Amino acid sequence: MANTLYPESYYAASANAVPPRPALQDDVETDVCVIGAGYTGLSSALFLLENGFRVTVLEAAKVGFGASGRNGGQIVNSYSRDIDVIERSVGPKQAQLLGQMAFEGGRIIRERVAKYNIQCDLKDGGVFAALTAKQMVHLESQKRLWERFGHTQLELLDQRRIREVVACDQYVGGMLDMSGGHIHPLNLALGEAAAVESLGGTIYEQSPAVRIERGANPVVHTPQGKVRAKFIIVAGNAYLGNLVPELAAKSMPCGTQVITTEPLGDEQAKALLPQDYCVEDCNYLLDYYRLTGDKRLIFGGGVVYGARDPANIEAIIRPKMLKAFPQLKDVKIDYAWTGNFLLTLSRLPQVGRLGDNIYYSQGCSGHGVTYTHLAGKVLAEALRGQAERFDAFADLPHYPFPGGQLLRTPFAALGAWYYGLRDKFGM
Ligand SMILES: Cc1cc2nc3c(=O)[nH]c(=O)nc-3n(C[C@H](O)[C@H](O)[C@H](O)COP(=O)(O)OP(=O)(O)OC[C@H]3O[C@@H](n4cnc5c(N)ncnc54)[C@H](O)[C@@H]3O)c2cc1C
């Protein structure tokens, strides 16, 4: 049987030690079978276990193998489309509920880290950096919007102030969110997996769900075993493939790339990001970066529509890093990797139920570290019969990409090219 390892990344190289986890080789029975051990699956499993459910998690590769173990590690609040856009699309009542939830994911992460003593280099403070006056105006209105939903840990930064938090001359200003922040993402996932097991949950690695037998008593099949469950949670996101064809139709896996420098040393690291905040710029095709626990710079950016792996990641990302930080021209890149997130046309997550007992959440379209933690809670609430918050997500409208499975990639790339041009010319 294939043994799928982590891709070579800084995170895999600096992961906390974990026990080996077996592949499923039996028939087992449980209350909830969770497919996928990323944040969505692990967060669901934890909330369910805390509420008395028996949980079995099937992971095709290893815990955090997908986006959850490869991402930029930025705790970014709200969704990939902001609440005002949601409000225009679904009306004030549903938007109110979604707006109230938009800042909960970051709190859940912090609660988990504290409760289960997860060692994942958690740091507070995230900056949205404006490259143009227009982006600054947008941040001002975003601050007013978020404050309307009770989120008040925000500070607008003028040109002088942003230069105090990041040594980059490109920005005209920004916004600091002290409830944002950053983590070592793989170590967060590994810590959450250990918490699942500490509560009696079981995680099988190298155990892809290859078929779901639907019906009143659903069964999930792996190559060497099966799980009989009352409920199934599908949490495979961009790595799910075609296991559930209804879900593949309205979403598209996209690749994004990350590089990590050699350790910079305390002095150079402090010169770049004196308060150790993470930063993302306000472009549609955005750059994001932060320091690691051992003072490297992790820098990400760019999107490959259709999730093809680029041949030379450093050649794509390093020039972006040097544009922001020319002072790093002699710094060596130690790691470069790619990972897939799942894009939806609206850039809002797809949440729902198939039949009576198969639940899913996927497609947070790039910003998912906080949302996926919230999703676990909302899915667990729905399984307990409290579906008001679940329904607020499930009622969001979703449409297939124009061009169907064949043409969706070029169409989406064309759309991104257009927005990339707007970024470039500050439109
Ligand atoms: C490079 C990169 C950088 C990012 N940076 C940020 C960031 O800084 N901030 C932010 O908010 N978001 C970021 N994101 C997005 C964020 O990481 C994701 O939204 C989030 O991790 C998705 O979590 P998930 O659990 O839904 O999916 P995943 O983490 O992808 O987990 C899905 C899991 O399901 C497993 N699986 C799939 N199919 C099966 C099957 N049939 N059987 C069993 N298991 C299966 C996979 O192996 C995988 O482990 C980034 C994404 C990428 C790729």
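Please treat every number below as a calculation from the coordinates, not as lab data. All values reported here derive from a predicted model rather than from experimental measurement. Positions of Cβ are generated from backbone atoms using ideal geometry, with glycine treated the same way; all protein chains shown enter the neighbour counts.
Key figures
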quantity	calculated
Residues Asp391, Asp177, Asp158, Asp121 arranged by fewest to most Cβ contacts within 10 Å	Asp158, Asp391, Asp121, Asp177
Relative exposure of Arg21, Arg290, Arg107, judged by other C-beta atoms within 10 Å (fewest first)	Arg107, Arg21, Arg290
Size of charge dipole - region 103-159 - debye, nearest 20, with Cβ of Lys, Arg +1 and Asp, Glu -1, no other charges	180
Ranked packing of 196-204, 311-319, 69-77, most packed first, by mean Cβ within 10 Å	69-77, 196-204, 311-319
Global form of region 95-166, assessed from the alpha-carbon gyration tensor, a/c cut-off 1.5	oblate
Inter-centroid distance (Cα atoms) of region 70-126 relative to region 157-232, Å	12
Net charge of neighbours whose Cβ lies under 12 Å from the Cβ of Val227, counting Lys and Arg as +1 and Asp and Glu as -1	0
Cross-link pairs Lys62/Lys143; Lys230/Lys250; Lys123/Lys250; Lys329/Lys377; Lys93/Lys323; Lys123/Lys230 - those with Cα-Cα distance over 32 Å	Lys62/Lys143; Lys123/Lys250; Lys329/Lys377; Lys93/Lys323; Lys123/Lys230
Sequence of Lys134, Lys230, Lys93 once ranked by neighbouring C-beta atoms within 10 Å, starting from the fewest	Lys93, Lys134, Lys230
For the chain, share of DSSP beta bridges that run antiparallel, in % to the nearest 5	70
Radius 15 Å from Cβ of Lys332, net charge of other residues (Lys, Arg +1; Asp, Glu -1)	-1
Shape of region 12-96, Cα gyration tensor, a/c cut at 1.5	oblate
Mean projected area in nm² (Cα convex hull; one quarter of hull surface) for the chain	19.2
Under 18 Å from Lys332, Cα to Cα: aspartates and glutamates that are on another chain or at least 8 residues apart	Glu8, Glu262, Asp266, Glu267, Asp294, Glu314
Nearest-20 debye value, region 238-396 charge dipole, Cβ charges on Lys, Arg, Asp, Glu	180
Local electrostatic count at Glu155 - Lys and Arg +1, Asp and Glu -1, tallied over other residues with Cβ under 14 Å	-2
MRE, 222 nm, helices only [DSSP H, n ≥ 4, -39500 (n - 2.57), over the chain, to nearest 500]	-10500 deg cm²/dmol
Cα-centred dipole magnitude for the chain, charges only on beta-carbon of K, R (+1) and D, E (-1), debye, nearest 20	660
